[in-house]
Amino acid sequence: MTPKWVPRRFIDEEIEVHFERSPLLTKKPNAPDGFTWDGDSFEVSEVLSSWFDYRRRGRMAKNMKPAHLREATRRGSWGVGRYYFRLRTSEGRVFDLYYDRAPKEAADRAGHWFLWREMEAG
């Protein structure tokens with residue numbers, strides 16, 4: 001039976017991720033092979049699940065006509081959306097990470113990775 005996961009603690013801090021092979025599409029990444037958070041390195045032993053959310057947030061949610069917004073929410077659009085991954089580390093800890101596709105500024109067009117929360121079996 002698959003355990004039901006519940007949040008153990010909320011973190012939501014930017015992290016550095018590591019890939020054995022870089023993703024083919026940087027704006028549609030696969031799960032990382034490891035990550036560094038708060039000076040500690042974690043190796044990913046298993047991808048438990050993944051999902052995406054193309055909802056527009058903040059000012060980006062107000063810059064489209066409703067019909068276009070519905071389509072963008074379904075398909076995604078450049079620089080909008082998040083890719084989520086629930087990962088088990090080699091130490092047995094379970095974390096939810098996400099890749100936020102939104103650029104921070106014109107000079108920084110890449111998205112950023114965040115450690116969203118640590119999970120535990122409920």
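The values are calculated or read from the model by the stated rules, or taken from the named source; none is laboratory data. A quick note: this is a predicted structure, and the numbers were derived from the prediction, not measured. Here the Cβ is made from the backbone with ideal geometry for all residues, glycine too, and neighbour counts use every protein chain on show.
Remarks
Here is a yes/no grid of residues against (1) modelled with pLDDT of 95 or more; (2) of a type in the set (Ser, Thr, Tyr); (3) at negative phi:
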{"position": "56", "(1), (2), (3)": "no, no, yes"}
{"position": "61", "(1), (2), (3)": "no, no, yes"}
{"position": "64", "(1), (2), (3)": "no, no, yes"}
{"position": "76", "(1), (2), (3)": "no, no, no"}
{"position": "89", "(1), (2), (3)": "yes, yes, yes"}
{"position": "97", "(1), (2), (3)": "yes, no, yes"}
{"position": "112", "(1), (2), (3)": "no, no, yes"}
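- Test: residue 102 is modelled with pLDDT of 70 or more and either surrounded by fewer than 18 Cβ atoms within 10 Å (Cβ to Cβ) or among the aromatic types (Phe, Trp, Tyr) (or both): yes
- Meets criteria (of a type in the set (Ser, Thr, Tyr), at pLDDT 95 or above and under 20 Å from residue 110 (Cα atoms)) for residue 84: yes
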